[in-house]
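Participant: Below: one structure in structure tokens.
The values are calculated or read from the model by the stated rules, or taken from the named source; none is laboratory data. Worth saying up front: this structure is predicted, and the values here are computed from it rather than measured. With ideal geometry, Cβ positions are generated from the backbone for all residues, glycine too; neighbour counts draw on all protein chains shown.
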Amino acid sequence: MVKKIGLLSFIFVFISMAVIICFSKGTQNENSRKITIALDWTPNTNHTGIYIAKQLGFFSDEGLDVSIVQPPEGDCANLVACKKVDFGIDAQDFLAPAFAAEYPLPIKVIAAINQHNTAGIISRKEVDIKSPGDLSFKKYATFDNPIEHFILDYSMAKEGKRFCDLNLIHAKIENVPMALRNGIDACLIFYGIEGIATKLSSIDSNFFFLCDIDPCFDYYTPVIISNTEYIENNRDTVGAFIRALSKGYNYATENPLVSAKILISAVPELNEKLIIKSQEFMSKQYKAESCHWGFIDPVRWNRFYQLLFEKNIISREIPSSSFTNEFIHAF
């Protein structure tokens, strides 16, 4: 019986992929509106819905010819602000300085890719880090983002511990399993990618989500952004883009295995085993308890930024106009 089920699963995936190939080979309408979206990182399961929308023709159904590009690191918001790309992917925490600046970048968040924050702290099991307070005197690899430091400081203080007792290792971690093997005690990761990779590497580890430390840390990451002027002048295009993305992420929610195969077919250099396991986890994150993919809860959005303002991490309050659900409710 086990072998028969495995064979049926294989046949299902094979047929599904054949259908996908037929879709993706369709000709693009010459009158399609050409738009570009810049990713925030190398392609991964946060981006699956985008590749599905492209491969299965959801973009072309909306009259869109979409190019997916990878910008220089940390440059996505600036590219969108300068109209070098039409859409981009960023995160609520990284966008805080852009929104709170004396002259804020002309960008707006138009959809949330995930409903909840999947970031957290991973550590080697033997160092016994089970909460932020346990980080004292441990070797923590940091990418030196002020908001990352604030989250650590705030979280450790809640347990009566001091951020200054954390042994900061100023190094960007490209390979989390390797870093943990080579003496790093802990670092901030996204569980759906780096946490899964650590598990597959057979490294014993502990992990806790930031959103479990404090509700304020259940902020939105990643998110879709666009230029405010572009949104104002191209509402039909923005609406069409979000409709297609919604179809892509709804498909990924309902079909994790086939969706993983679609992403791998689009980006063959990805690790197949990692992507399949990651997609199992991420497909539950896109919508979670929400009725609509992309929806942003104003209470959660404002709560995080209000905390940053109250603690003087940002010098100006960030208005609710920094995001919109207008296009989520359009379909």
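Participant: Return the total of residues in region 237-294 being buried (at least 23 other Cβ atoms within 10 Å of the Cβ), farther than 24 Å from residue 329 by Cβ, under 16 Å from the mean Cα position of the chain (by Cα) and not aliphatic (A, V, I, L, M).
Facilitator: Qualifying residue count, region 237-294: 2.
Participant: Something else now. Any residue in region 188-212 that's within 17 Å of residue 41 (Cα to Cα) and in the same structural domain as residue 158 (by TED's automatic domain parsing): show its pairings with residues that are in a loop (DSSP other than H, G, I, E, B) and among the hydroxyl-bearing types (Ser, Thr, Tyr) at Cβ separation under 7 Å, as long as the two are six or more apart or on different chains.
Facilitator: That search, which allows pairs on different chains as well, returns 190/118; 191/118; 192/45; 192/118; 193/45.
Participant: Return the residues of region 224-261 that are among the aliphatic types (A, V, I, L, M) and either more than 17 Å from residue 192 (Cβ to Cβ) or not assigned by TED's automatic domain parsing to the domain that holds residue 52 (or both); say none if nothing qualifies.
Facilitator: Matches in region 224-261: 224, 225, 231, 238, 240, 242, 244, 245, 258.
Participant: Identify, please: which residue in region 46-83 is outside any strand (DSSP E or B), modelled with pLDDT of 95 or more and charged (D, E, K, R) and is, among those, nearest to residue 189 (Cα to Cα)?
Facilitator: 54
Participant: Can I ask one more? Is there any pair linking a residue in region 93-106 that is of a type in the set (D, E, K, R) to one that is part of a helix (DSSP H, G or I), with Cβ under 7 Å and at least six apart or on different chains, and which?
Facilitator: Filtered contacts from region 93-106: 93/147.
Participant: How many of the residues making up region 184-210 are of a type outside the set (D, E, K, R) and more than 19 Å from residue 132 (Cα to Cα)? It would help to see each step written out before you state the result.
Facilitator: Here is the first cut: in region 184-210, the residues of a type outside the set (D, E, K, R) are 184, 186-193, 195-198, 200-203, 205-210.
Checking the rest, the ones that are also more than 19 Å from residue 132 (Cα to Cα) come to 192-193, 196-198, 200-203.
Count: 9.
Participant: Within region 74-126, which residues are aromatic (Phe, Trp, Tyr) and closer than 30 Å to residue 208 by Cα?
Facilitator: Across region 74-126, the qualifying residues are 94, 99.
Participant: Is there a residue in region 71-85 that is over 21 Å from residue 253 (Cα atoms), surrounded by 22 or more Cβ atoms within 10 Å (Cβ to Cβ) and not β-branched (Val, Ile, Thr)?
Facilitator: Checked against the condition, which is being over 21 Å from residue 253 (Cα atoms), surrounded by 22 or more Cβ atoms within 10 Å (Cβ to Cβ) and not β-branched (Val, Ile, Thr), region 71-85 yields at least one hit.
Participant: May I pose another question? With the condition being at pLDDT 95 or above and of a type in the set (Val, Ile, Thr), I'd like the helices (runs of 4 or more DSSP H) fully within region 90-181 carrying at least 2 qualifying residues.
Facilitator: 146-157
Participant: For the list (1) in contact with a strand residue (DSSP E or B) (Cβ under 8 Å, 6 or more places away or on another chain); (2) over 25 Å from residue 42 (Cβ atoms); (3) in contact (Cβ under 8 Å) with a residue 40 or more places away in the chain, I need the number of the one condition that residue 154 fails.
Facilitator: (1)
Participant: Which pairs do you get when a residue that is over 14 Å from residue 51 (Cβ atoms) and at pLDDT 95 or above, found in region 264-287, comes within reach of a residue that is among the hydrophobic types (A, V, I, L, M, F, W, C) and assigned to a loop (DSSP other than H, G, I, E, B), reach meaning Cβ atoms under 9 angstrom, with the pair 6+ apart or on two chains?
Facilitator: 285/113; 287/293; 287/295
Participant: Also, I was wondering about something else. Would you check if residue 308 is buried (at least 21 other Cβ atoms within 10 Å of the Cβ), closer than 30 Å to residue 236 by Cβ and not assigned by TED's automatic domain parsing to the domain that holds residue 191?
Facilitator: no
Participant: To continue, here is another question. Answer yes or no as to whether residue 81 is assigned by TED's automatic domain parsing to the domain that holds residue 234, more than 23 Å from residue 59 (Cβ to Cβ), out of contact with any strand residue (DSSP E or B) (no Cβ under 9 Å at 6 or more places or on another chain) and not β-branched (Val, Ile, Thr).
Facilitator: Values: assigned by TED's automatic domain parsing to the domain that holds residue 234: yes; more than 23 Å from residue 59 (Cβ to Cβ): yes; out of contact with any strand residue (DSSP E or B) (no Cβ under 9 Å at 6 or more places or on another chain): no; not β-branched (Val, Ile, Thr): yes.
The answer is no for residue 81.
Participant: Might you let me know whether region 116-127 holds any residue that is buried (at least 16 other Cβ atoms within 10 Å of the Cβ), in contact with a Pro (Cβ under 6 Å, 6 or more places away or on another chain) and within 20 Å of residue 327 (Cα to Cα)?
Facilitator: Among the residues of region 116-127, not one is buried (at least 16 other Cβ atoms within 10 Å of the Cβ), in contact with a Pro (Cβ under 6 Å, 6 or more places away or on another chain) and within 20 Å of residue 327 (Cα to Cα), which makes the answer no.
Participant: Oh, and also: Would you tally the residues in region 32-70 being surrounded by fewer than 16 Cβ atoms within 10 Å (Cβ to Cβ) and at positive phi?
Facilitator: Residues that pass the stated criteria total 1.
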